[in-house]
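Inspection log for the structure reproduced underneath, given as C-alpha cells.
The values are calculated or read from the model by the stated rules, or taken from the named source; none is laboratory data. The structure displayed is predicted, hence computed values, not measured ones. Cβ: placed from backbone, ideal geometry, glycine included. Neighbour counts: every protein chain shown.
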Amino acid sequence: MLEFQNITKIYESKNKQVVGVDNVSLKINKGDIFGIVGYSGAGKSSLLRCVNLLERPSNGKVLVDGIDLTQLSSSELRTARLKIGMIFQHFYLISQKTVGENIAFALRAAKTPKNEIHKRVKELLAMVGLTDKEDVFPAQLSGGQKQRVGIARALANNPSILLCDEATSALDPKTTLSILKLLKQINEKLGITIVLITHEMNVVKEICNRMAIMQDGKVIEEGAVYDIFAQPIKPLTQEFINSVVSFEIPDEILKDVKGQVIKLLFKGEVAGEGVISDTMQRFDVKGNFLHGTIEYIQERPLGIFVMELQGEKSTVDEAKKYMEQRGAVVEVVKHV
Ligand SMILES: Nc1ncnc2c1ncn2[C@@H]1O[C@H](COP(=O)(O)OP(=O)(O)OP(=O)(O)O)[C@@H](O)[C@H]1O
C-alpha cells in the first residue's frame, strides 16, 4: 500500500515560494490503478515525484507498505527505489544504446548477476511484445514501441509500484489504447500497483479503478472512478467528466422545453428504460427523451438519460420519487 500523509512540496525560486503540493493525504491500495487528474500546474508531477523522492516533500510522509521513505538513509532509499518503476511522457531512453542494452542498464544498476541479465532482458521484451527489437536503437522505433521499452526497463527489477508520468500524452489515440492495455495486463498479471498522472479523462476511464482530482496543489475530490463518473461533485471534476461523457443539453434546446427537465442515472444493472416506461404507465405524466446513453466504466454500465416531464407538479414529484425507489439517481436540470 502507498500512502501520502500531509504531503506539502514548496519550491523556492528567486526569493519566491511556489506551493507545488498543498497538504495532500491519499491512500492507494495494493493492486489499484490510480489516476491523478488535473490541469497543467495542478501539482500532479510534484506529487508523483514524491513517491520515489525524485522530489523530496517539504513536509509529510510517503509510506510504502508502512515504511516512511523520507526517513530512509540514502543506501536504504536506493534499495527502496528499485521497487518503484517509472515511465515518462518522453521515454528517456539512452539513444546510443540498443533496446536490449537500455533494459540491461537498469538490471546492472540493481546488481543483477551478469549471467542472468540476458535471460531477463529477453523475458521483459517478450512481456512488452518487442521480442524482435533487442538489437535496434531507440531512433528506429515508433513512439509506442519506445514506451514499451520504457515499460520493460521500469519492470526490470520486479517493482511493486509503477509510476506513469503522462505516459501516453505523446502518443496517438490508437497507440495510447495499446499502451493502456499493456499496463492493465501488467497490473493484472504481476499485481503491480500503478499510479498514473494525466490530463486526459479517457485514460482514466479506460484503465483506472480509483482516481483523485488535483487543483492548486490540493486533492479536491477522490474515489472510485465509477462513482466519480456517475456523480462528480466539484465543478472542476464535472468539467473533466464532461470532456469524455457529456450530459449537457444545449441552452437553446432547454429554452424551448415546457416541462421539468431531469437527469436520471442508473448505476450497474438497473435497467433504466424499464423503470422509465413503468413510471410513464403508472403516473399521469408525459415524458420526452432529450438525451440517452449507456456508458461502460470499468466494464460496468452507467445509464444516463435526460428527459422532460410534463404534468401536474405533484404527479411529477411522485413519479420522480417512484424512479428513485427503483434505483435511479434523479437530478433536476430545469425547474418549470
Ligand atoms: N522545480 C520547480 N521549481 C519551481 N516551481 C516548480 C518546480 N516544479 C514545479 N513547480 C511549480 O509547482 C506547481 C505544480 O507543478 P507540477 O509540475 O507538479 O504540476 P502538474 O500538474 O504536473 O503540471 P504539468 O502537467 O504541466 O506538469 C506549478 O506552479 C509549477 O510551476
For this session: Note down all Cβ pairs under 7 Å where the first residue falls in the range 137-150 and is in the same structural domain as K174 (by TED's automatic domain parsing), the second is part of a loop (DSSP other than H, G, I, E, B) and among the aromatic types (F, W, Y), and they're at least six residues apart or on different chains.
Result: K146/F91; Q147/F91; G150/F91
Exercise. Are any of the residues in the range 86-95 surrounded by 20 or more Cβ atoms within 10 Å (Cβ to Cβ) and within 18 Å of the chain's Cα centre (by Cα)?
Worked result: yes
Problem set entry | Residue, nearest to E206 (Cα to Cα), within the range 9-63, restricted to residues that are more than 9 Å from the ligand (Cβ to nearest atom) and among the hydroxyl-bearing types (S, T, Y) | S25
For this session: Mind counting the residues in the range 33-48 that are surrounded by 18 or more Cβ atoms within 10 Å (Cβ to Cβ) and either in contact with a Cys (Cβ under 8 Å, 6 or more places away or on another chain) or free of Cβ contacts under 8 Å to residues at least 24 places away in the same chain (or both)?
Result: 3
For this session: For the range 56-100, enumerate the residues that are of a type in the set (A, V, I, L, M), part of a strand (DSSP E or B) and either touching a residue at least 60 places away in the same chain (Cβ under 8 Å) or more than 27 Å from N187 (Cα to Cα) (or both).
Result: V62, L63, V64, I84, M86, I87
Exercise. What about R153, is it within 27 Å of D65 (Cβ to Cβ) and touching an Asp or Glu at 6+ places or on another chain (Cβ under 6 Å)?
Worked result: no
Exercise. Pick from the range 187-203 the residues that are more than 21 Å from I294 (Cα to Cα) and among the hydrophobic types (A, V, I, L, M, F, W, C): which of them is farthest from the ligand (Cβ to nearest atom)?
Worked result: L190
For this session: Name the one entry in A80, A110 that is in contact with a strand residue (DSSP E or B) (Cβ under 8 Å, 6 or more places away or on another chain) and either of a type in the set (A, V, I, L, M) or surrounded by fewer than 13 Cβ atoms within 10 Å (Cβ to Cβ) (or both).
Result: A80
For this session: Report, by residue number, each residue of the range 204-219 that is within 13 Å of the ligand (Cβ to nearest atom) and either surrounded by fewer than 20 Cβ atoms within 10 Å (Cβ to Cβ) or farther than 14 Å from T237 by Cα (or both).
Result: Q215, D216, G217, K218
For this session: Test E318 against the criterion of being outside any strand (DSSP E or B), surrounded by 14 or more Cβ atoms within 10 Å (Cβ to Cβ) and charged (D, E, K, R), and give yes or no.
Result: yes
